[in-house]
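Everything on this sheet refers to the single structure shown next.
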Amino acid sequence: MLRPRFRRAAPDAPLPVLCPVVEGAPRADGFVAAAGRVRDMAGEPRRILVGLGTPRRRLDWEQAGATAAAQLPETPQCAVAAEGLAPSDIAAFAAGMALRAWRFTPHRTRDIKPALERATFTVDDPAACREAWDQAAPAIRACLFARDLVAEPANHLTTRNFAKRLEGLAEFGIHVDVWGRKRLARAGFGALLAVGGGSASPPRLAILRWRGTLDLPPVAFVGKGLVFDTGGISIKGAQGMETMRADMAGAAACAGAMLALALRHSPAPAVAVLAIAENATGAESYRPGDVLRTASGRTVEVVDTDAEGRLVLADALHHAISAYRPRAVIDAATLTGAIVTALGHHKAGLFGTDAALMAGLAAAGEEVGENLWPMPIGTRHREDLRSAIADIRQCMPAGSRRQPDASHAAAFLRDFVGEGVPWAHLDIAGVDTQDKPHALGPAGPTGFGVRLLDRLVAAQYEAEP
């Protein structure tokens, strides 16, 4: 992670200098400082002018910082001329730089190009800037933690290794409890066990708890943690299947959000319930037509083994609600291709039962650049899931034309939530990774959801009601 330093004097070394410029600032060189505009000035040291436009939000400063970092793709150190800027704006600019400078290189053995690791900011008040950075850094560090998890290939991030990585969060004060196959069987987690039954890497349930200081029920995050998804017996086509190593991005986002809360010592109690499995094919694979008994006792008719995410979430949601009686529950999952068809790679789908919770999530997403779009769960969507042989069927048959599968999946999950707790579902398929560099990062995993959930808790759940 990029490390910023704050000092009054410019560094002695001849480093490249990034110069943030607000639109309208008088300049003899005629540079028009519109947002996103850059000018690379010749000379020694090299100076790069970065347009800020007229920034009104923290996000504007973050995006400008990301634009600045993108100009130095193979430079390990730089300077930033930030005199005259407010400490909070400088911290946001540094946060954007850190998000854009992230790289994942553990498995490269050659041609590893240097990444931007240190930025020295020349500022008016170093102490105030350090304090502002200390407030911004936890969410950035947590987001990059989630990106690292999502980037790991499935032969390295097995279900066991995923659980071990999560156990490492204990050093930050998070209590971690990992359930293995026997414990899951005793507790009746029939859906999670079925999805992970065909793999040599057995399923896990990871429960992360941050106790906070408020004497209140926790906010619950529930994440889909499919370390790889072949589709099971309803196997996917080969094209694009390699991207299914990212099918645990929902669980990574929830784990990252817990890390953010711990790093900034949030007073709000929180719990994350992460359903971890590999949907593979084998002698013990579950089949289309099977009927599963879930942890809630409800039975599910399996229609398509490639609609596995809603099954593991059903067990995890039930456990989160029945065991912890949370103030609110939010699940995050790369759940359906249908949401990508609807919203592309720009927004995640937002479903739920509580208008205030959904509005809070949407507002938090706008603040951090992780945008959501409200989607429906209608009466007809629930009626479509009626089964002749079980309490509910998992999805519509594959041959059904133009089916609203994202809404069907949300309707299925709602059946396992009930009416007693505010609930929201984030379908983050399409925004969990990006094929090209984006406003706050390089191509690859985005860490979508970490900063959104952290911001939601900060805005809604850190004060006594």
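Take Leu49 and decide whether it is assigned to a helix (DSSP H, G or I), touching an Asp or Glu at 6+ places or on another chain (Cβ under 9 Å) and not basic (Lys, Arg).
no
Among (1) touching a helix residue (DSSP H, G or I) at 6+ places or on another chain (Cβ under 8 Å); (2) open to solvent by less than 30 Å² (accessible area, probe 1.4 Å), where does Gly198 come up short?
Among (1) touching a helix residue (DSSP H, G or I) at 6+ places or on another chain (Cβ under 8 Å); (2) open to solvent by less than 30 Å² (accessible area, probe 1.4 Å), the lone unmet condition for Gly198 is (1).
Out of all the residues in the stretch 285-299, is one or more open to solvent by less than 10 Å² (accessible area, probe 1.4 Å), modelled with pLDDT of 95 or more and either of a type in the set (Lys, Arg) or within 21 Å of the chain's Cα centre (by Cα) (or both)?
Scanning the stretch 285-299 turns up no residue that is open to solvent by less than 10 Å² (accessible area, probe 1.4 Å), modelled with pLDDT of 95 or more and either of a type in the set (Lys, Arg) or within 21 Å of the chain's Cα centre (by Cα) (or both).
Which one of the conditions (1) in contact with a Cys (Cβ under 7 Å, 6 or more places away or on another chain); (2) crowded, with 24+ Cβ neighbours inside 10 Å does Leu317 fail to meet, given that it meets all the rest?
Among (1) in contact with a Cys (Cβ under 7 Å, 6 or more places away or on another chain); (2) crowded, with 24+ Cβ neighbours inside 10 Å, the lone unmet condition for Leu317 is (1).
When you check Ile112 against the structure, is it β-branched (Val, Ile, Thr), assigned to a loop (DSSP other than H, G, I, E, B) and more than 18 Å from Phe228 (Cβ to Cβ), yes or no?
Answer is yes for this residue.
Using the structure shown, decide if Glu308 is surrounded by fewer than 24 Cβ atoms within 10 Å (Cβ to Cβ) and out of contact with any His (no Cβ under 6 Å at 6 or more places or on another chain).
no
Please list, ordered by first then second residue, the pairs with beta carbon atoms under 6 Å, 6 or more apart or interchain, first in the stretch 134-145 and over 10 Å from Ala95 (Cβ atoms), second buried (at least 23 other Cβ atoms within 10 Å of the Cβ) and not hydroxyl-bearing (Ser, Thr, Tyr).
Listed pairs, sorted by first residue: Pro138/Ala260; Ala142/Gly256; Ala142/Leu259; Ala142/Ala260; Ala142/Val450; Leu144/Trp102; Phe145/Gly256; Phe145/Leu259.
Considering each of Gly378, Gly344, Gly352 in turn, give the residue that is crowded, with 19+ Cβ neighbours inside 10 Å and either under 14 Å from Pro422 (Cβ atoms) or not hydrophobic (A, V, I, L, M, F, W, C) (or both).
Just one listed residue meets the conditions, Gly352.
Determine, yes or no, whether Ala255 is of a type in the set (Gly, Ala, Ser) and crowded, with 17+ Cβ neighbours inside 10 Å.
Working: of a type in the set (Gly, Ala, Ser): yes; crowded, with 17+ Cβ neighbours inside 10 Å: yes.
It is true that Ala255 is of a type in the set (Gly, Ala, Ser) and crowded, with 17+ Cβ neighbours inside 10 Å.
Please state which one of Gly237, Gly232 is open to solvent by less than 10 Å² (accessible area, probe 1.4 Å), more than 25 Å from Leu166 (Cα to Cα) and outside any strand (DSSP E or B). Can you show your working first?
Working: Gly237 fails: open to solvent by less than 10 Å² (accessible area, probe 1.4 Å).
Result: Gly232 is the single residue among Gly237, Gly232 that is open to solvent by less than 10 Å² (accessible area, probe 1.4 Å), more than 25 Å from Leu166 (Cα to Cα) and outside any strand (DSSP E or B).
Would you pick out the residues in the stretch 212-229 that are touching a strand residue (DSSP E or B) at 6+ places or on another chain (Cβ under 8 Å) and open to solvent by 20 Å² or more (accessible area, probe 1.4 Å)?
Gly212, Phe228 - these are the residues of the stretch 212-229 that are touching a strand residue (DSSP E or B) at 6+ places or on another chain (Cβ under 8 Å) and open to solvent by 20 Å² or more (accessible area, probe 1.4 Å).
Tell me which residues, restricted to the stretch 12-64, are of a type in the set (Gly, Ala, Ser), within 28 Å of Glu366 (Cβ to Cβ) and touching a residue at least 40 places away in the same chain (Cβ under 8 Å).
The answer is Ala64, and nothing else.
Could you please give the count of residues in the stretch 391-430 that are of a type in the set (A, V, I, L, M) and more than 30 Å from Arg325 (Cα to Cα)?
Of the residues in the stretch 391-430, 2 are of a type in the set (A, V, I, L, M) and more than 30 Å from Arg325 (Cα to Cα).
Against the definition (modelled with pLDDT of 95 or more and open to solvent by 10 Å² or more (accessible area, probe 1.4 Å)), how does Ala187 come out, yes or no?
yes
The values are calculated or read from the model by the stated rules, or taken from the named source; none is laboratory data. Since the model is a prediction, treat every value here as computed from it, not as a measurement. Every residue, glycine as well, gets a Cβ built from its backbone with ideal geometry; the counts of neighbours run over all protein chains shown. These area figures cover heavy atoms from the full protein model, side chains too; ligands, DNA and RNA do not enter into them. Shrake-Rupley method; radii C 1.70, N 1.55, O 1.52, S 1.80 Å.
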